[in-house]
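A.B. asks: My structure is below; once you've seen it, I'll send some questions.
The values are calculated or read from the model by the stated rules, or taken from the named source; none is laboratory data. Treat the numbers as computed from the prediction; the structure is a model and nothing was measured. As a convention, Cβ positions derive from the backbone with ideal geometry for all residues, glycine included, and neighbour counts pool all protein chains shown. Areas reflect the complete protein model, heavy atoms only, side chains present, ligands, DNA and RNA absent. Shrake-Rupley method; radii C 1.70, N 1.55, O 1.52, S 1.80 Å.
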Amino acid sequence: MADKNFLPLPKELQAQLGIRAGNNVEVMFTETGIMIKSPQKPLNIKKRRWRTVILTVLMTIIFLSYFLVRRITYVSLTGGESVATACLGLSTMSGLISFTISFIQLKRAKESVVQAISWRNFPTIVAAGALISFMVMAGLFWLIGNIFKGAKFDLVTSTAVFGVITLIITQMMANVVPQLSSRLLTNTFIAIIVSGMVLAMLSNQNLYWWKRNLSFLGTIDAQNAWEFNLTLIFSGLILIALIDYLFVSLKRVFNRNRRLLVLRILLTLLALDLAFVGIFPNNLQLHLLHNRVAGSLVYLVLALILSIKWLLPNISSDFLHLSWLIAGALLLGEILFQVVGYLSLTAFEILAFLLAFSWLVMLFERLNDYLEPTRIRHYVVK
């Protein structure tokens, strides 16, 4: 029998790596230090593959059965009864099931970084996963639908396309679980809101939306207004999931901190307000309600910035000074728009959005930094 190399590790580090005594680990020596990795058991990988195949086959049977019952022999790529609609419903459901099962299995087996995620976070994390999957597919199908307008496929081809997409989504959602972290949710929030805004602007470039206002992108006069509004709604919901995940984890660092509770409430109100901007678009019937909701965003961000010194423990002077600069820029923009009349409505909305969004991202990065001490430990080799 070949000699085995034993690596003594503290119990706490074993728990963080998701390993137990007797498990095999890989040790990699790099220029910056040593990396310890626990390779996943082949059995778990096989189970995941079989689960992906079973879910894909099941959803494909449902897809095919629906169009056979409806006697539809040619299926549109996008539209009401289409491949896109089926994917948004069935593929998202398949990915959600795969995500949920993978999370529960890894949580029970104690073999992953998901041990840092409490069961209290489970509903919001699953909801965030479903929202992200849905939003990504909606954006991709919007893009593909504009490239291949009016495209239709026979039932065999459309079933094959649906099956491949479902297989990819189901496998991707399972693969995301071991990588879950607050930083991943933060980056996803950034990607979704930025990409959604850019796609909405591009789809309305011929309508010269910038001559009106940013909110025009969500009105009935805009093209694909659903995309703009859905981006705001889903971004708000993902933001709520991120806030819930972060502050539940922060309780382990700052136990019963009332200031953090106030910060959480303000951020949750901000996330809800962002979602309501999409729920109440700037149409004629909802104009006043939309303006009030959109205006509240600026006031909530200003309230957060001006009170952050007292709400966030051990805040750095650099972050504090930068926060005050952004608050000053927001106030200056308000004066230039409301009093002086120098800025147009579109310019003011874009400026306010960029400043508020940038500060919000920096705030979440700072909150993520508070959690690093709970994930990183220094040990003396003996």
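A.B. asks: Of the residues GLN285, GLN223, GLN205, which single one is open to solvent by 40 Å² or more (accessible area, probe 1.4 Å) and over 22 Å from ILE350 (Cα atoms)?
C.D. replies: Values: GLN223 fails: over 22 Å from ILE350 (Cα atoms); GLN205 fails: over 22 Å from ILE350 (Cα atoms).
So the residue among GLN285, GLN223, GLN205 that is open to solvent by 40 Å² or more (accessible area, probe 1.4 Å) and over 22 Å from ILE350 (Cα atoms) is GLN285.
A.B. asks: Let me ask another. Say we look at the stretch 195-230 and pick out the residues that are of a type in the set (Phe, Trp, Tyr) and touching a Phe, Trp or Tyr at 6+ places or on another chain (Cβ under 6 Å); which of these is nearest to GLN285 (Cα to Cα)?
C.D. replies: The initial filter retains those residues of the stretch 195-230 that are of a type in the set (Phe, Trp, Tyr), namely 208-210, 216, 226, 228.
Remaining after also requiring touching a Phe, Trp or Tyr at 6+ places or on another chain (Cβ under 6 Å): 209, 216.
Values: TRP209: 20, PHE216: 14 Å.
Only one residue fits best here, namely PHE216.
A.B. asks: If we scan the stretch 184-193, do we find a residue that is farther than 21 Å from ILE61 by Cβ, at pLDDT below 80, among the aromatic types (Phe, Trp, Tyr) and surrounded by 18 or more Cβ atoms within 10 Å (Cβ to Cβ)?
C.D. replies: Yes, the stretch 184-193 has at least one match.
A.B. asks: Scan the stretch 236-271 residue by residue and report those that are under 17 Å from LEU371 (Cβ atoms), in a helix (DSSP H, G or I), charged (D, E, K, R) and without any contact (Cβ under 8 Å) to a residue 40 or more places away in the chain.
C.D. replies: ARG264
A.B. asks: For the stretch 14-30, does any single residue satisfy the condition of being more than 28 Å from the chain's Cα centre (by Cα), among the small types (Gly, Ala, Ser) and modelled with pLDDT under 80? Before you say what the answer is, go through the steps one by one.
C.D. replies: Going through the stretch 14-30, the residues more than 28 Å from the chain's Cα centre (by Cα) turn out to be 14, 19-30.
Checking which are among the small types (Gly, Ala, Ser) leaves us with 21-22.
Filter again for modelled with pLDDT under 80, leaving 21-22.
There is at least one residue in the stretch 14-30 that is more than 28 Å from the chain's Cα centre (by Cα), among the small types (Gly, Ala, Ser) and modelled with pLDDT under 80.
A.B. asks: Which count do you get for residues in the stretch 145-177 that are touching a residue at least 40 places away in the same chain (Cβ under 8 Å), assigned to a helix (DSSP H, G or I) and open to solvent by less than 60 Å² (accessible area, probe 1.4 Å)?
C.D. replies: 16
A.B. asks: A follow-up question, please. If you check every pair at least six apart or on different chains, which have Cβ atoms under 9 Å apart with a residue in the stretch 339-358 that is touching a residue at least 40 places away in the same chain (Cβ under 8 Å) first and a residue that is open to solvent by less than 60 Å² (accessible area, probe 1.4 Å) and among the hydroxyl-bearing types (Ser, Thr, Tyr) second?
C.D. replies: As it stands, the answer is LEU345/SER215; GLU349/SER215, since those pairs meet every condition given.
A.B. asks: Let me ask something additional. Collect the residues in the stretch 181-221 that are more than 23 Å from GLY129 (Cα to Cα), assigned to a helix (DSSP H, G or I) and charged (D, E, K, R), keeping them in residue-number order.
C.D. replies: Scanning the stretch 181-221 gives a single hit, LYS211.
A.B. asks: If you don't mind, there's one more thing I want to ask. Out of SER181, SER235, I need the residue that is among the hydroxyl-bearing types (Ser, Thr, Tyr), open to solvent by 20 Å² or more (accessible area, probe 1.4 Å), within 23 Å of the chain's Cα centre (by Cα) and closer than 29 Å to TRP310 by Cα. Which one?
C.D. replies: Working: SER235 fails: open to solvent by 20 Å² or more (accessible area, probe 1.4 Å).
Sole residue among the options that is among the hydroxyl-bearing types (Ser, Thr, Tyr), open to solvent by 20 Å² or more (accessible area, probe 1.4 Å), within 23 Å of the chain's Cα centre (by Cα) and closer than 29 Å to TRP310 by Cα: SER181.
A.B. asks: Within the stretch 306-349, restricting attention to residues that are assigned to a loop (DSSP other than H, G, I, E, B), open to solvent by less than 50 Å² (accessible area, probe 1.4 Å) and not hydrophobic (A, V, I, L, M, F, W, C), which residue is modelled with the highest pLDDT?
C.D. replies: The first filter runs over the stretch 306-349 and keeps only residues assigned to a loop (DSSP other than H, G, I, E, B), leaving 312-316, 341-344.
Applying the additional criterion that residues be open to solvent by less than 50 Å² (accessible area, probe 1.4 Å) yields 312-313, 315-316, 343.
Remaining after also requiring not hydrophobic (A, V, I, L, M, F, W, C): 313, 316.
On the way: PRO313: 74, SER316: 82.
Only one residue fits best here, namely SER316.
A.B. asks: State the number of residues belonging to the stretch 46-92 that are assigned to a helix (DSSP H, G or I) and surrounded by fewer than 18 Cβ atoms within 10 Å (Cβ to Cβ).
C.D. replies: Restricting attention to the stretch 46-92, the residues satisfying the condition of being assigned to a helix (DSSP H, G or I) are 46-69, 83-92.
If we keep only those that are surrounded by fewer than 18 Cβ atoms within 10 Å (Cβ to Cβ) too, we end up with 46-47, 49-50, 53-54, 57-58, 61-62, 64-66, 68-69, 85, 88-89.
The number of residues fulfilling the criteria is 18.
A.B. asks: Among the residues that make up the stretch 38-45, is at least one of them outside any helix (DSSP H, G or I) and either aromatic (Phe, Trp, Tyr) or at pLDDT 60 or above (or both)? Let's see the steps before the verdict.
C.D. replies: Of all residues in the stretch 38-45, those outside any helix (DSSP H, G or I) come to 38-41.
Next, only the ones that are either aromatic (Phe, Trp, Tyr) or at pLDDT 60 or above (or both) stay: none.
The answer is no, given that none of the residues of the stretch 38-45 is outside any helix (DSSP H, G or I) and either aromatic (Phe, Trp, Tyr) or at pLDDT 60 or above (or both).
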